Amino acid sequence: MIEIVTEVDLFHPPARIWRALTERALLAKWFADSAPGSDRWILATAALPGYDSDTEVETVEVRAPDRLVVRCRETGRATRLACDLTSTAHGTRLSVREVLEEGDWDADARAEQHEQAVTGRLPAILDWLAFQNVDLRRAEGGLTAELPVVRLLGDDRRRSARRRVLLATGAVTLIAATAGATVWATAGEPPAPAAPTPTTSLVMPSSATPAARPTTARPTPSASRRSPSPSPTPSPTPSRTASPKPSTVVAPLSATYETVTDRIFGYRGEVVLRNPGPSPRPGWTVTVTLHDGATVGSVNGAEATQDGAVVTFTGEALPGGQSATIRFDVRDPDPSHDAPAACTTGNTPCTPA
């Protein structure tokens, strides 16, 4: 039997850590996405380093917020994973114990991945959850809610991570990694955009345009006073009616959206714009509405401008029957967001890819 134990002291209460371990949206940010279920669910680990397929998870024991035990099964191996939370003077001690029950794995590599996930990505989510409870009411006398405790660099006495690997006689080792790499954004929040100043368009009449004058009809004297004769009435001239020109029907552009990469505080989006008609479009615009506080970063495939939460992408001519791909990075302070609030091209909403 092979056993891996990882322990870490966290400056957060057990209830907050329990949320990060059990809520699907939070678990996806620091470990892997999961399909909903009751006693069994699927973790999307096929794309993670060291995993050959997704992992089927079965709940064995639940005692919130102190203990969670699950049995994990993937291709050729099965493990039993137990998470125990114990209150301490400064927060909670989290102990993660995984036992190999069937198959093989690399215990040292597995222990290293445990430590990266539990001491790196998990605390980032917990810190964000803590800040959601902060109420900065300066006018009412300062803080009215708790602030998370931040460990100083090099202070190993406040926070520790320990791992232990026990190898029994005859055990053969091989297993996959527990999570992928993490992107941690530390840039400050951008200043709020100034509200646009309403403008009024004034149209003044041109001085070169003469004012209309009333027209007075006057009789026209005949050529001879002695023999007046009525003037001939001119025959009416038929007016020409312009023939209608054939109208050109321009097919509207269509677009699809997909989140190609999901991170703790942000994601990478992709919009594919298509011109289904035969005629080229001289220019196009795609509008993406982000959530409050989110900002767009690097952009490929278009020019981008951001005004508040609205990001406008523009590009050059798009030939008929062709498509254009836009990829852009978004930094969002809310880890539960993994896509924009809206996406449109013209008046047509983007459809899921």
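Could you please find all residues in region 8-37 being open to solvent by 10 Å² or more (accessible area, probe 1.4 Å), assigned to a strand (DSSP E or B) and modelled with pLDDT of 90 or more?
Result: D9, single match.
Whether any residue in region 41-59 is outside any strand (DSSP E or B), farther than 28 Å from T261 by Cβ and either touching a Cys at 6+ places or on another chain (Cβ under 9 Å) or open to solvent by 20 Å² or more (accessible area, probe 1.4 Å) (or both) is what I want to check. Before the answer, list the steps.
Filtering region 41-59 for residues outside any strand (DSSP E or B) gives 44-54.
Then drop every residue that is not farther than 28 Å from T261 by Cβ, which leaves none.
No, region 41-59 contains no residue that is outside any strand (DSSP E or B), farther than 28 Å from T261 by Cβ and either touching a Cys at 6+ places or on another chain (Cβ under 9 Å) or open to solvent by 20 Å² or more (accessible area, probe 1.4 Å) (or both).
Can you find a residue in region 318-328 that is more than 20 Å from P252 (Cα to Cα) and either in contact with a Gly (Cβ under 8 Å, 6 or more places away or on another chain) or not small (G, A, S) (or both)? Explain how you work it out, then say what you get.
Step one: list which residues in region 318-328 are more than 20 Å from P252 (Cα to Cα), which gives 327-328.
After this cut, where a residue has to be either in contact with a Gly (Cβ under 8 Å, 6 or more places away or on another chain) or not small (G, A, S) (or both) as well, the list is 327-328.
Checking region 318-328: at least one residue is more than 20 Å from P252 (Cα to Cα) and either in contact with a Gly (Cβ under 8 Å, 6 or more places away or on another chain) or not small (G, A, S) (or both).
For region 74-85, state whether one or more residues are at pLDDT below 90, small (G, A, S) and closer than 23 Å to Y267 by Cβ.
no
Looking only at region 264-290, filter to residues that are crowded, with 21+ Cβ neighbours inside 10 Å and in a strand (DSSP E or B); which one of those is modelled with the lowest pLDDT?
Step by step, filter region 264-290, then rank; the result is G266.
Looking at region 146-164, can you tell me whether even one residue there is open to solvent by less than 80 Å² (accessible area, probe 1.4 Å), at pLDDT 80 or above and charged (D, E, K, R)?
Taking every residue of region 146-164 in turn, none turns out to be open to solvent by less than 80 Å² (accessible area, probe 1.4 Å), at pLDDT 80 or above and charged (D, E, K, R).
List every residue pair whose Cβ atoms lie under 9 Å apart, where the two residues are 6 or more positions apart in sequence or sit on different chains, the first residue falls within region 251-275 and is free of Cβ contacts under 8 Å to residues at least 24 places away in the same chain, and the second residue, located anywhere, is open to solvent by 20 Å² or more (accessible area, probe 1.4 Å) and hydrophobic (A, V, I, L, M, F, W, C).
These pairs meet every condition: T261/V183.
Can you confirm whether A294 is at pLDDT 90 or above and more than 30 Å from R24 (Cβ to Cβ)?
Working: at pLDDT 90 or above: yes; more than 30 Å from R24 (Cβ to Cβ): no.
Answer is no for this residue.
Search region 305-317 for residues that are in contact (Cβ under 8 Å) with a residue 40 or more places away in the chain and pair each with any residue that is surrounded by fewer than 16 Cβ atoms within 10 Å (Cβ to Cβ) when their beta-carbon atoms are under 6 Å apart and the residues are at least 6 apart or on different chains.
Listed pairs, sorted by first residue: G308/P193.
The values are calculated or read from the model by the stated rules, or taken from the named source; none is laboratory data. All values reported here derive from a predicted model rather than from experimental measurement. Note that we place each Cβ from the backbone using ideal geometry, even for glycine, and neighbour counts take in every protein chain shown. Heads up: the accessible areas ignore ligands, DNA and RNA and are worked out on the full protein's heavy atoms, side chains in. Shrake-Rupley method; radii C 1.70, N 1.55, O 1.52, S 1.80 Å.
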